[in-house]
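Report on the following structure.
The values are calculated or read from the model by the stated rules, or taken from the named source; none is laboratory data. Quantities reported herein were computed from a predicted structural model and do not represent experimental measurements. Every residue, glycine among them, receives a Cβ derived from its backbone with ideal geometry; neighbour counts consider all protein chains shown.
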Amino acid sequence: MNETRDALHRIAAHVLARARFDATGRFGLRATPGGIGTPMFDEQCLRIAGGALVRERGGDASAMPLDGATLADLAAFAGVDLTSDFQAGDAMPPVGDLHAQMPVDATETARLADWWHFGTRIIDAAAAARPNAMAVQLWPEHFDVGTSVAVDEGERCNLGASPGDAFSDEPYLYVGPWSDRRPGDASYWNAPFGAALTRSAVDAAPDPFIAGVAFLQRGLDLLTD
């Protein structure tokens with residue numbers, strides 16, 4: 001169990017994503033300096049950085065510390081109505097107790113931020129030459145950065161970097177075909193959803209970036225052979 005990751009997931013889904021959705025009808029987030037955040041909307045943006053929730057509007061910025069804050073506190077700070085109708089998918093974390101203090105460790109937040117940024121770079125490199133690639137986003141319901149690309153006629157595949165979940169408590173890269181097809185090397189397809197490579201395995205490589213890109217490209221190559 002990772003209490004910081006779970007708390008950040010709730011904040012991302014029910015404060016950041018909800019704020020953007022209420023204003024624009026879109027809920028995708030981005031890796032931002034020191035954490036994650038929204039794109040600009042209504043001349044403002046919200047982001048998690050340095051152990052705080054930061055709200056930038058009109059050139060001014062204000063911040064609220066995350067550790068010990070409640071979801072209700074953060075929603076009020078961000079101007080978010082937690083009773084509004086919002087659902088980003090079946091994997092959305094529960095809202096939970098709005099008035100319970102949440103433990104958010106700044107060191108763990110920074111570690112997760114590094115992974116999202118690293119994952120975004122790897123995914124972007126692997127998807128760059130692939131047709132019809134979607135923009136890399138952080139999806140608040142799954143709490144991972146990812147995209148999808150075309151791998152065959154009428155078939156697509158997800159590429160992503162998860163901070164850890166029920167499948168693996170450790171962060172990991174993944175390849176997730178939309179179909180049940182798992183062609184070629186059976187040992188590559190090591191996860192129920194496709195293939196996964198843990199952060200420790202990536203970090204153990206002589207060049208983690210090259211290793212991560214190669215892992216994703218291997219899956220794409222198998223699916224397009």
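In the set Ala196, Ala166, Ala161, Ala150, which member is outside the structural domain of Val95 (by TED's automatic domain parsing), without any contact (Cβ under 8 Å) to a residue 40 or more places away in the chain, part of a strand (DSSP E or B) and under 19 Å from Arg5 (Cβ atoms)?
Ala196
Would you check which residues across the stretch 71-87 are acidic (Asp, Glu) and in a loop (DSSP other than H, G, I, E, B) and list them?
Answer for the stretch 71-87, where residues must be acidic (Asp, Glu) and in a loop (DSSP other than H, G, I, E, B): Asp81, Asp85.
Spot the failing condition for Pro208; the list is (1) surrounded by 14 or more Cβ atoms within 10 Å (Cβ to Cβ); (2) of a type outside the set (A, V, I, L, M, F, W, C); (3) in contact with a strand residue (DSSP E or B) (Cβ under 8 Å, 6 or more places away or on another chain), and only one is missed.
Of (1) surrounded by 14 or more Cβ atoms within 10 Å (Cβ to Cβ); (2) of a type outside the set (A, V, I, L, M, F, W, C); (3) in contact with a strand residue (DSSP E or B) (Cβ under 8 Å, 6 or more places away or on another chain), only one is false for Pro208: (3).
Mind checking which pairs have a first residue in the stretch 67-84 that is on the phi > 0 side of the Ramachandran plot and a second that is part of a loop (DSSP other than H, G, I, E, B), Cβ under 7 Å, 6 or more apart or different chains?
Partner pairs satisfying both residue conditions: Gly68/Gln101.
Please determine whether any residue of the stretch 87-104 is surrounded by 16 or more Cβ atoms within 10 Å (Cβ to Cβ), farther than 25 Å from Met1 by Cβ and either in contact with a Lys or Arg (Cβ under 6 Å, 6 or more places away or on another chain) or modelled with pLDDT of 95 or more (or both).
Checking the stretch 87-104: not a single residue is surrounded by 16 or more Cβ atoms within 10 Å (Cβ to Cβ), farther than 25 Å from Met1 by Cβ and either in contact with a Lys or Arg (Cβ under 6 Å, 6 or more places away or on another chain) or modelled with pLDDT of 95 or more (or both).
When the residues of the stretch 169-193 are filtered to those that are in a loop (DSSP other than H, G, I, E, B) and under 20 Å from the mean Cα position of the chain (by Cα), which remaining residue is surrounded by the most Cβ atoms within 10 Å (Cβ to Cβ)?
It comes out as Pro171.
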